[in-house]
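Colleague: Would you mind keeping the following structure in view while I ask a few things?
Readers should treat all values here as calculations from the given coordinates under stated rules, not as data from a laboratory. Just so it is clear, the structure is predicted and the values come from calculations on it, not from any experiment. Cβ coordinates were reconstructed from backbone atoms using ideal geometry, including for glycine residues, and neighbour counts include every protein chain displayed.
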Amino acid sequence: MGEVQARMERALIRLLPAAHVAPARLHEAMRYAVLGGGKRVRPLLCFAAGEVTHAAPERLEIAASAVELIHAYSLVHDDLPCMDDDVLRRGKPTVHVEYDEASAVLAGDALQTLAFQLLAEQRLADEPRAQLEMVKLLAIAAGSRGMAGGQSIDLAATGSTLTLPELEFMHIHKTGALIRAAVLIGAACGSALVAPERAQLDRYAKAVGLAFQVVDDVLDAEASTATLGKTAGKDSRQGKSTYVSVLGIARAKALAEELRGDAHAALESLGERGARLMALADFVVLRKF
Ligand code: GRG
């Protein structure tokens, strides 16, 4: 993990516009949002999925950067006063606090478009068609049928109580879609998968995507602001439905375990090629931050 995280940091430093290039304030804000923080879970998943298809790390670091830029943009916009209104992210002031609201909106916008530029700029898949598929996967995952749609449902639902299926629907979109895209895009950087293997990888990605959110809800309820690097306990203060509010802590933890089991089971047919994905499912569920 450390190796991939360090490699990703170097790649992102290189791929983001330099801070001294005009418009310098916007480029500074973009670099502030992305560099020097975060667990890089999506890039880790992207690299691990690339191992299944023997993808070149040079391709994976670009594809994983594209996914991480979308994630970073979503955090910048999510923290804005018009959305979750938060002042702390990755242990430091949020982008609109450190810069200003307009810069935060623009930094998010520009990070999103840079992600697609990266996917279009150089060869990342053996076949042009597979590379176009990556662009489409990321676009759908980030858009109204993915993350942005999930965020919209989340904002609309604040203050009301969701049922378990409604909560699941929201999180499959808000958090799960981008995690799924990270896995499928990583795999697409290498040799083509046979349909049943792709289906198993997809099943894995969906289970891990949902497990990630269940654990996020548990950590929001149980961990401290200092450990998380973001404001803890916010969900209940904002009147949000979470896996903890709907199921209680014990059943939420049991659900995360169940999803970890499902993720493992999905990888069975991949043998050794799925070993790192297997370990990442453990990391996602057992993490403490
Ligand atoms: C603004 C379009 C738009 C979408 C925002 C993902 C999201 C939707 C909002 C983030 C709010 C949030 C706390 C969601 C819960 C799960 C989540 C994405 C947590 C943050 O991801 P981590 O833990 O963060 O991977 P790091 O900092 O480690 O990269």
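Colleague: Rounded, prolate or oblate: pick one for the chain, where a ≥ b ≥ c are the square roots of the eigenvalues of its C-alpha gyration tensor, a/c under 1.5 means rounded, and failing that, prolate if a/b is larger than b/c, else oblate.
Modeller: Because a/c hits 1.5 or more and a/b fails to exceed b/c, the chain counts as oblate.
Colleague: Restricting to DSSP loop positions (anything but H, G, I, E, B) with no more than 11 other Cβ atoms inside 10 Å of their own Cβ, which trypsin sites (Lys or Arg not before Pro) remain in segment 1-69?
Modeller: Nothing satisfies the criteria.
Colleague: Moving on. Residue-wise, which Karplus ³J(HN,Hα) couplings in Hz belong to segment 245-254, taking 6.51 cos²θ - 1.76 cosθ + 1.60, θ = phi - 60°, and x for glycine or proline?
Modeller: So the Karplus estimates, Gly and Pro as x, are 6, 7, 9, x, 4, 4, 6, 5, 5, 5 Hz.
Colleague: Something else: Specify whether the C-alpha gyration tensor of segment 142-289 places it in the rounded, prolate or oblate class, a ≥ b ≥ c being the square roots of the eigenvalues: rounded for a/c under 1.5, otherwise prolate if a/b is larger than b/c and oblate if not.
Modeller: Verdict is prolate for segment 142-289.
Colleague: How about segment 1-58: which GluC sites (Glu not before Pro) there are in a DSSP loop, with at most 11 other Cβ atoms within 10 Å of their Cβ?
Modeller: none
Colleague: Would you mind ranking THR242, THR175, THR161 by Cβ crowding within 10 Å, fewest neighbours first?
Modeller: THR161, THR242, THR175
Colleague: For segment 1-145, rounded, prolate or oblate, judged on the Cα gyration tensor with a ≥ b ≥ c (square roots of eigenvalues), a/c < 1.5 rounded, else prolate if a/b > b/c?
Modeller: Judged from the Cα gyration tensor, segment 1-145 comes out prolate (a/c at least 1.5, a/b above b/c).
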